[in-house]
1. Sort out which residues of segment 18-65 are at pLDDT below 70 and either under 12 Å from the mean Cα position of the chain (by Cα) or open to solvent by less than 90 Å² (accessible area, probe 1.4 Å) (or both), and write them in order of number.
2. Select from segment 5-17 the residues that are of a type outside the set (A, V, I, L, M, F, W, C), open to solvent by 90 Å² or more (accessible area, probe 1.4 Å) and at pLDDT below 60 and list them in ascending order.
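The values are calculated or read from the model by the stated rules, or taken from the named source; none is laboratory data. Model, not experiment: these values are computed from the prediction. Only protein heavy atoms, including side chains, enter the accessible area calculation; ligands, DNA and RNA are left aside. Shrake-Rupley method; radii C 1.70, N 1.55, O 1.52, S 1.80 Å.
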Amino acid sequence: MTPRHIATVQPLPSSILHNSVEVRRQYTRAAAKQAVQLISRKMRIMGRKARTATPDMPQVPQGGH
């Protein structure tokens, strides 16, 4: 027997499934999450490259004016 992956008892027309506001909202949320992950990954890689490219700078004491 093969498992059936139907979420509803009555199958919905594809126009309802693909045009509903909630489905669009879920796709938008997923796309935004992927974009944030991609940007944060790029920033992390750039930060690593910048740390390895620049020599260690001596720490200048803060304040004192």
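1. Listed by number, the residues that qualify are G63, G64.
2. Listed by number, the list holds a single entry, H5.
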